[in-house]
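Visitor: One structure, as structure tokens, below. Some questions next.
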Amino acid sequence: MQLFDWTRRGFIAVLGAAALSGLAPALQAQTPPGVLIVGQIAEPKALDPAAVTAVNDFRILMNVYDGLVRYKSGTLEVEPALATSWTISEDGTEYTFKLREGVTFHDGSALTADVVKFNFDRMLQDDHPYHDTGPFPLSFFFSSIDATEVVDPLTVKFTLSAPYAPFLSNLAYPTGLIVSQAAVEKFGADFGRNPSGTGPFKFAEWRSNEAVVVERNPDYWDGAPSLEAVVFRPITDANTRTAEMLAGGIDLMVEVPPVALSQFQGDAFSVVEQAGPHVWFLILNAKEGPFANKLVRQAANYAVNKGALVNDVLEGTAEVAAGPTPPAFAWAYNDALEPYPYDPEKARALLAEAGEEDLSLTFYVTEGGSGMLDPVAMGTAIQADLEAVGFDVKIETYEWNTFLGNVNPGLEGKADMAEMAWMTNDPDTLPFLALRTEAWPDKGGFNSGYYSNPEVDTLLEEARVATDQAERAALYKKMQVIVQEDAPWVFVANWKQNAVTSDKVEHFALEPSFFLLLKDVVKN
Amino acid sequence: MRLFAGLLARNRLALVGAVVLAAVAVLALLVPVLPVRAPNVTDTAARYLRPLSEGHLLGTDHLGRDLLSRLLWGTRLSLAVGFAAAVIAAVIGAALGIVAGYFGGRTDNLIMRGVDMLMAFPYILLALAIVAALGPGLLNALIAVAAVNVPFFARNIRGITVGIANREFVDAARLAGMGHWRIIWSEILPNVVPVIVIAMSTTIGWMILETAGLSFLGLGSQPPQADLGSMLGEARAALITAPHTSVVPGVMILIIVMSINLLGDGVRDALDPRLRSGALSRPMAATRVARDTVPEPQGDGILTLQALETQFHVGGRVYRAVNKVSLSVHPGECLGIIGESGSGKSVTALSVMGLVASPPGVITGGAARYRGDDLIGAPYETLRSLRGDRIAYIFQDPLATLHPLYRVGDQLAEAIRVHHPLGRAEAWARAVALLHSVRIPNPESRAKAYPHEMSGGMRQRVGIAMALANDPDVIIADEPTTALDVTVQAQILSLLDELRRARGLAIIFITHDFGVVAQLCDRVAVMYAGRIVEEGPTGVLLESPAHPYTRRLIDCVPELGAGRRRLAAIPGLPPAVDQLPPGCAFAPRCGRKQPACEAGEIGLEGSGARRVRCLYPEVEEP
Amino acid sequence: MGAYILRRLISAIPVLLGITVIVFAIMEMIPGDPATAILGSYATPENVEKLNRELGLDKPAVQRYFIWLGNMLTGDFGQSYALNRPVLDEVLERFGATLILAGVAFVLCSGLGVLAGVVSAARQYGPADRAITFVVLLGISIPSFFLGMMMILLFAVKLRWLPVSGMYAIYGGGDLQDLLRHLVMPASALAVVATGVIARLSRGAMLEVLRQDFIRTARAKGVPERRVIQGHALRAAMVGIIPVLGIQAGFVLSGAVYIEMVFQWPGVGRMLVDAILKRDILLVQGGVVFVAACYVLFNIVVDVAQSLLDPRIKT
């Protein structure tokens, strides 16, 4: 019958179109050896190290640029990079760096003290002719710099307004990476899309929303990398990233969702892990409500089953946190500190002792955000744990920026508890910004739970100006004991960053700094 | 209401939908007392258990919570949210749509521009604005989802309302002095309700799904509580590793949406007055034929009907619309068929070429022979090649029977081209000539007009021109002049008469107007309740009708001759053709009724051309 | 007709102006600002204030609105904070990608939807009708991200027939065939829901039309059944179907967000969500206005198509 023919013809046409477009030539364009494809979590904002803030962007930048100093592989300790050596004045306010000789940027210009001065002046001086290539959101990392001076073509001196112990560590942070003055002058505000550094890879191409391609720098001062090129592909959806990895569309994937790890157990993949300076905690409102009572705060620490969170919810991609300082800062971490054990009985006993009548809590949970891991699932599990010992917890979830907009100004009058996570490069940063009395939100800090202990304040101030690392370490260790006892937070987890590589990739390792260094990686 | 329920129950699929939905709703209502695990108790060590695990029928989710329990609790929440949001969106949207569509003009413009604005807006942004203004929570998610769907309803309903607001019954209500709001309430609303219902049934599913999207913004049910959408959202992370956590709420959504849709279709069918009549379905290309025996060829007419039987099967009932009708027409002859509405005269005519809507129509017996070949049960292609070529129809109400979107010239040309391999230009020229032949002035430009641009008389001429397009042997004219005024009617009749004489056409002319019959027809057959009750030459039959029914019919016409004559009502109603009494169908209304009339089958008796189906005819020897 | 189009275009102006006001107001209203989004954990009030000043966000809202509107009228949509490039460049590039995806999906869903509806109506209550009805209901109740992911797992990961994501291959692609290979899955996943809706409504419209008298007339003329269905009935049914297509085009466009995320399609829907989450004010505003303008334009096209199709509509 005609109608039937007609329908059948329609189907044949549709199938034909499908075959023509996709199914017929099933040869997937294979990536050549020597080219590494990295699955990133987002499109980078810019490739100007002074202008970006996201770990995601740092992963590209660390391979294109060098700083004066860098972290020694596998640690968070500083070693020479573009500077071969440095001296610090007695009072800790003058840092003088000797630059490496014969280093050139990818655009051919030479690395000189003038270029270094240009870099910091561009960021810090509002009247600098290239200050408008910003904004430079993390320039406050270097706000302690009073002046940058060129001593001779290969010597540069920073004068700080006050002693500032984390200065060297901050120089190793991506914000301190050195860019080509010539390139900034040439491209102006477009430098972020036409970057030029001294690193092991040269920028080649940026196809918006598709890929950033970098190529081997054969003249790299620290030995040319073995890879021919690296392609950074932004794949925002975690499931899609996993599927791309499984299908061979990418060779290396970072931030593997915990639930997906089981997919990569075979020989075709290897999973790499590395603990980093990350801490995931709950801010407790110590100003009002039940958590104003220290016993209740401790009870919460006992009540939350952190082992179940890191091993089950996070599938072992994190470790239980003991205090405010992550173990990755090995020199500053207090090994003697034991995490609060999971002990609901003890929690109930403490609650009884505290005698709080009203244990109802409002708990701010975010949908996701930098370093927040799996916040909804974790928040829900925590809620269940707290309910089990007698709290009455009401969750309110917010998208990340709304969440920050609610939490950063302080929890007073709104909530009793909020999730939070920090990734830092120095043991000073987090406690200094989030535990001091001077860091209450109304004073411009992140102490949203209004914790206040004069002893902690003093310890932190001292540690910041001390130039001797051993002295600093002692102060931090003392601080950790006090803070753990005071329990301004529920200390939950320290994240172990992970990545998956295909079996074609060799010599890949993750760094505690959360950076992705690809110089030594080989792809067959 | 009982009728509604009955109709609903008759639609088996809708019933299935209703039962499933009711079952889901009952389960959801009963969750608090059902022996399921607590939905929010976590056991992270036992996470991602597969369905049918011990103690967890549907497995567990990422925190080791029992999926069955969460599913039931989630369904409860989702049903509430979905229905509430759908109702809110439907009420607000429909109100806006009706007001805009009914009042039109500036009001319409204002409302629709607002709706456009809302529609052109990314809903995720609207949702964010709502969280910002109201904070997170399920109730606010409900508001967001409803707000997003308002424009959809508003647009749909406005379209329907515009159509209705210009219809005759609304004009009538307006003339009767009814207020705007009463018209909206009593005339417009009942007509848009089916549309609202079906639109709601399609949107509830989306609404449940949309909460999954909103949970991504922190909008929606707050953990640990979860509706189905949030369950999906939470399960998304484990889509690859533990797809069952997505599949479980997904299947429940599917079940709900499916049952709502099935039920929605049923409700729509039950609410729609046209569908209520049982004509639920679209007619096939040719009427279904289911007859046991084929009568032997008989008679010498160009078109002969032999004991033709056509029935309508609706539900379990059988309507005998045409009951053993035999007729014959010769070239150049005009046969009139006359009878009240529902007497089966039109169905008889349509049965010839298999044009009775089927379902529900079925030809169950008899034959219709054109030049001796049986048309009933002929292959579709044979039938098609004769339709419009050898046997052509002229229908009543040409505004409805001409295609509203084609130019009349094209419609005429098409009638020619489907039977003769003619070029476009040639066919067009023929069409113009045809228009000319039915005396349409200025046919060249008229051919380019659309039916709605012509007057009723003109359109009817187009209908006649179309019937003449291929110079047919037989024309079956089904009340072609009923809708026309007297002068136009007279012109058309004389046109037909002239054509028949000039071309030797056989015409079957169906009417309920004796005036027309007298003017045009050589012979007349009178139909009642699907049967021919009397037939004979026009003059004789009009002069001395034999059947009491014919008598009554003619009595209703005070004076024969020119002019407009309508059948006046005869006391009582024709019988329903699904419950025909034994014996004479007219007996209950007949003044001459005797017991024998209702005893059994009465034959169509008589001699020559004159026959009557009556035991006690008005005239002794007709 | 020309005057009608002009009138419609003029009436679109207040709609677009209204949209600029609403989108601006919403971006003002939602908590968080670009500085907080950029600074993340380091968003101290001091840092936020400094950055906002550098971004030019310290002026009063009304003033900023008019500056923005004025700039936009001269074709300057401003610079995206989060992407560090002109808003218009980004929007145009992304919109192109969405147009390809949504356009193909729209063609698929209107074609298949109408086809399914017509077949379903022509074969009412037959096996084809029942199968189509079932598939259609299945289609409109599956979350598109779920369907998309399952397609990826089957066709890309298991069978390796098609690429997982993206618009072009990273190596050796870039031609039309490459684009089509990348389009197959996202376009079909996106089309599914709309296909279902269109099929249902087309079936209804066709059934309605098939009962009309003019269909009987066509049959009585001897028009072949195929032409009765595809010509006479479909043409009349299209009058009812086209506005639905117009509405569905909107849904396809907004539904593209999830598909763009799952398939990593560099489209405007995903861009808007990213921009909203990053409080990239100018990108959100520019993007919304652009998308809205296209949507309004498309609706005018639908109305014009409708009036061309149906001579009874007065223009």
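Where a number appears in this text, it was derived from the coordinates with a stated rule and is not lab data. No experiment lies behind these values; they were computed from the predicted model shown. All Cβ positions, even for glycine, are placed from backbone atoms using ideal geometry, and neighbour counts span all protein chains on display.
Visitor: Mind pulling the angle between the C-alpha long axis of helix B:408-417 and the longest principal axis of chain B? Nearest 10 degrees, somewhere in 0 to 90.
Guide: Helix B:408-417 sits roughly 70 degrees off the main axis of chain B.
Visitor: What relative contact order, as a whole-number percentage, does the range B:303-543 give when Cα pairs under 8 Å and 6 or more residues apart are counted? Present the calculation step by step, with values, prior to reporting the outcome.
Guide: On the way: 464 pairs, mean separation 69.7, N = 241.
For the range B:303-543, the relative contact order is 29 percent.
Visitor: Would you please give the FRET efficiency between C:Leu154 and A:Lys504, computed as 1/(1 + (r/R0)^6) with r the Cβ-Cβ distance and R0 = 25 Å, to the nearest 0.05? Display every interim value, and only then the final one.
Guide: Working: r = 25 Å, r/R0 = 0.99.
Taking R0 as 25 Å, the efficiency between C:Leu154 and A:Lys504 is 0.50.
Visitor: Within the range C:270-284, what residues put their amide N at less than 17 Å from the label point 7 Å along the Cα-to-Cβ vector of B:Ala132?
Guide: C:272-284
Visitor: Could you tell me what percent of the DSSP beta bridges with both partners in chain B are antiparallel, to the nearest 5? Could the numbers behind the result be given before it?
Guide: Working: 32 of 53 bridges.
Of all bridge pairs located within chain B, approximately 60 percent are antiparallel.
Visitor: Sort the range B:1-146 into rounded, prolate or oblate with this rule: let a ≥ b ≥ c be the square roots of the eigenvalues of the Cα gyration tensor; rounded if a/c is under 1.5, and if a/c is not under 1.5, prolate when a/b is larger than b/c, oblate otherwise.
Guide: Numbers: a/c = 3.46, a/b = 1.50, b/c = 2.31.
Because a/c hits 1.5 or more and a/b fails to exceed b/c, the range B:1-146 counts as oblate.
Visitor: Cα atoms only: what Rg and Dmax, in Å, come out for the range C:98-277?
Guide: Answer for the range C:98-277, Rg first and Dmax second: 18.7, 62 Å.
Visitor: With a 10 Å cut-off between alpha carbons and a GNM built on chain C, which of C:Asp303, C:Asp129, C:Asp178 moves the most?
Guide: Evaluated over chain C, the most mobile residue of the options is C:Asp178.
Visitor: Hey, got the average number of other protein chain Cβ atoms within 10 angstrom for residues in C:263-272?
Guide: On the way: counts 4, 13, 1, 6, 1, 1, 2, 4, 2, 3.
Averaged over the peptide's residues, the number is 4.
Visitor: Rounded if a/c is under 1.5, else prolate if a/b beats b/c, else oblate: with a ≥ b ≥ c from the C-alpha gyration tensor eigenvalues square-rooted, which is chain C? Don't skip to the answer; put the middle values down first.
Guide: Values: a/c = 2.81, a/b = 1.63, b/c = 1.73.
It is oblate, given that a/c is not under 1.5 and a/b is not larger than b/c.
Visitor: A further question follows. Please list, ordered by chain and number, the residues whose modelled amide H lies under 5 Å from the amide H of A:Tyr398; skip anything fewer than 5 residues away on the same chain.
Guide: Here A:Val365, A:Thr366, A:Glu367 satisfy the definition.
Visitor: Residues of B:35-44, mean number of Cβ from any other protein chain within 10 Å of their own Cβ, rounded to a whole number? Let's see the in-between values first.
Guide: Values: counts 0, 0, 0, 1, 0, 4, 3, 13, 4, 12.
Mean partner shielding for this stretch: 4.
Visitor: Can you give the calculated 222 nm mean residue ellipticity of chain B, where each DSSP H run of n ≥ 4 adds -39,500 (n - 2.57) and the sum is split over every residue, rounded to the nearest 500 deg cm²/dmol? Please list the in-between numbers first.
Guide: On the way: 23 runs with 298 residues, N = 622.
Estimated from H runs of four or more residues: -15000 deg cm²/dmol.
Visitor: Report, for the protein assembly as shown, the % of DSSP beta bridges that are antiparallel, rounded to 5.
Guide: Working: 90 of 128 bridges.
Expressed as a percentage, antiparallel bridges in the protein assembly as shown total about 70.
Visitor: Based on DSSP H assignment, which helices of chain A show an axial Cα extent of at least 18 Å together with a mean Kyte-Doolittle hydropathy greater than or equal to 0.0?
Guide: A:2-18, A:375-389
Visitor: Also, I was wondering about something else. Towards the positive end of the charge dipole of the range C:98-277, with charges on Cβ (+1 Lys, Arg; -1 Asp, Glu), say which of C:Gly126, C:Ala169, C:Ala199 has the farthest Cα.
Guide: Working it through, the farthest residue towards the positive pole turns out to be C:Gly126.
Visitor: Which residue, chosen from A:Tyr333, B:Thr293, B:Ala146, occupies the Cα position most advanced towards the positive end of the dipole of the protein assembly as shown, where the dipole is computed from +1 (Lys, Arg) and -1 (Asp, Glu) charges on Cβ about the Cα centre?
Guide: The residue sitting most towards the positive pole is B:Thr293.
Visitor: Let me ask something else about it. Neighbour counts of other C-beta atoms within 10 Å: give me B:His403, B:His420 arranged from fewest to most. Show your work: numbers first, answer last.
Guide: Working: B:His403 23, B:His420 13.
The order, fewest Cβ neighbours first, is B:His420, B:His403.
Visitor: Which far-off residues, 5 or more places away or on another chain, put their amide H under 5 Å from the one on A:Gln125, with H placed in the peptide plane?
Guide: Result for A:Gln125 returns nothing.
Visitor: On to the next question. Cβ under 12 Å from B:Ile302's Cβ, B:Ile302 left aside: what net charge do those residues give with Lys, Arg +1 and Asp, Glu -1? All intermediate terms of the calculation are to be shown ahead of the outcome.
Guide: On the way: positive: B:Arg369, B:Arg371, B:Arg390; negative: B:Asp300, B:Glu333, B:Asp373, B:Asp473.
That works out to -1.
Visitor: Right, next: I want to verify the translational diffusion coefficient of the range A:278-495 in µm²/s; compute it with Stokes-Einstein, Rh as the Kirkwood radius over Cα pairs, at 25 °C and 0.890 mPa s. Could the numbers behind the result be given before it?
Guide: Working: Rh = 17.1 Å.
Value of D from the Cα-based Kirkwood radius: 143 µm²/s.
Visitor: Now for a separate question. Helix-derived [θ] at 222 nm for chain A: sum -39500 (n - 2.57) over DSSP H runs of at least 4, divide by residue count, nearest 500? Don't skip to the end; give the middle numbers.
Guide: Values: 13 runs with 141 residues, N = 524.
So the helix-based figure for chain A works out to -8000 deg cm²/dmol.
Visitor: Return one number: the angle in degrees, 0 to 90 and rounded to the nearest 10, between the long axis of the Cα atoms of helix B:486-503 and the longest principal axis of the Cα atoms of chain B.
Guide: Between the helix axis and the principal axis of chain B, the angle is about 70 degrees.
Visitor: Provide a whole-number value for the mean count of partner chain Cβ atoms within 10 Å of the Cβ atoms in peptide B:197-210. Display every interim value, and only then the final one.
Guide: Numbers: counts 0, 3, 1, 0, 1, 6, 2, 0, 6, 7, 0, 2, 9, 1.
If you average over the peptide's residues, the count of other-chain Cβ atoms is 3.
Visitor: Taking square-rooted eigenvalues a ≥ b ≥ c of the alpha carbon gyration tensor, is the range A:65-186 rounded, prolate or oblate, where a/c under 1.5 means rounded and, failing that, a/b exceeding b/c means prolate? Write out the running numbers ahead of the final one.
Guide: On the way: a/c = 1.40, a/b = 1.14, b/c = 1.22.
Because its axes are fairly even, with a/c under 1.5, the range A:65-186 counts as rounded.
Visitor: I want the local charge near A:Glu319. Using Cβ-Cβ distances under 14 Å, sum +1 for each Lys or Arg and -1 for each Asp or Glu among the other residues.
Guide: -3
Visitor: In addition: Between the helical axis of C:176-210 and the dominant principal axis of chain C, each derived from Cα atoms, what acute angle in degrees is found, rounded to the nearest 10?
Guide: 50
Visitor: Can you grab the distance from the C-alpha centre of the range C:170-206 to the C-alpha centre of the range B:425-475, Å, no decimals?
Guide: Between the Cα centres of the range C:170-206 and the range B:425-475 lies a distance of 45 Å.
Visitor: Just want the answer: with Cβ charges of +1 for Lys and Arg and -1 for Asp and Glu, which residue in B:Phe83, B:Val325, B:Val36 is farthest toward the dipole's positive end in chain B?
Guide: Checking the options against the dipole of chain B, the answer is B:Val36.
Visitor: Moving to a separate point now. Rank the residues B:Leu405, C:Leu69 as a footprinting-exposure proxy: fewest other Cβ atoms within 10 Å of their Cβ go first.
Guide: On the way: B:Leu405 19, C:Leu69 15.
Listing B:Leu405, C:Leu69 from fewest to most nearby Cβ atoms yields C:Leu69, B:Leu405.
Visitor: OK, next. Averaging sequence separations of C-alpha pairs under 8 Å and six or more residues apart, then dividing by the length of chain A, give the relative contact order as a whole percent.
Guide: Working: 1088 pairs, mean separation 103.2, N = 524.
Dividing the mean separation by the residue count of chain A yields 20 percent.
Visitor: Roughly what would the spin-label model give for B:Leu189 and B:Thr482, points 7 Å off Cα along C-beta, in nm?
Guide: 3.5
Visitor: Considering amide H positions built from the backbone, and no H for Pro or chain starts, which residues 5 or more places from B:Gly59, or on another chain, come under 5 Å of its amide H?
Guide: B:Leu52, B:Ser53, B:Leu67, B:Leu68
Visitor: While we're here: For B:Ile188, what charge total do you get from the other residues with a beta carbon under 12 Å from its beta carbon, if Lys and Arg give +1 and Asp and Glu give -1?
Guide: Values: positive: B:Arg158, B:Arg167, B:Arg174, B:Arg182; negative: B:Glu187.
Residues near B:Ile188 contribute +3 overall.
Visitor: While we're on this one: Please work out, to two decimal places, the log10 of the ratio I(q)/I(0) at q = 0.16, 0.21, 0.23, 0.25 Å⁻¹ from a Debye calculation in which every Cα of the range A:238-324 carries one identical scatterer.
Guide: Debye curve over Cα of the range A:238-324, log10 I(q)/I(0) at q = 0.16, 0.21, 0.23, 0.25 Å⁻¹: -0.76, -1.03, -1.15, -1.27.
Visitor: Next question, about the same structure. Just the projected area, averaged over all directions, of the convex hull on the alpha carbon atoms of chain A: how many nm²?
Guide: Numbers: hull surface 121.0 nm².
Mean orientational projected area (chain A, Cα hull): 30.2 nm².
Visitor: Dipole magnitude of the protein assembly as shown about its Cα centre, charges +1 at Lys/Arg Cβ and -1 at Asp/Glu Cβ only, in debye to the nearest 20? Let's see the in-between values first.
Guide: Numbers: 120 positive and 145 negative charges, 1709 e Å.
Here the size comes out at about 8200 debye.
Visitor: Sticking with this one: Please report the relative contact order for the range C:1-155, taking Cα pairs under 8 Å with a sequence separation of at least 6, and give it as a percent rounded to a whole number.
Guide: Numbers: 45 pairs, mean separation 13.7, N = 155.
Here the relative contact order equals 9 percent.
Visitor: Express in whole angstrom the spacing between the alpha-carbon centres of the range B:165-191 and the range A:53-95.
Guide: Cα centres, the range B:165-191 to the range A:53-95: 81 Å.
Visitor: Given bins 10 angstrom wide, list per bin the percent of all Cα-Cα distances in the protein assembly as shown, short to long.
Guide: P(r) over the protein assembly as shown, rounded to whole percents: 1, 7, 13, 17, 16, 12, 9, 8, 6, 5, 3, 2, 1, 0, 0.
Visitor: Ok, one more. Tell me, in nm to one decimal, what length is gained between A:Lys294 and A:Glu471 on full extension, where the rule is 0.36 nm per residue of separation less the Cα-Cα distance? Don't skip to the answer; put the middle values down first.
Guide: On the way: separation 177, 0.36 × 177 = 63.72 nm, distance 2.95 nm.
Here the answer is 60.8 nm.
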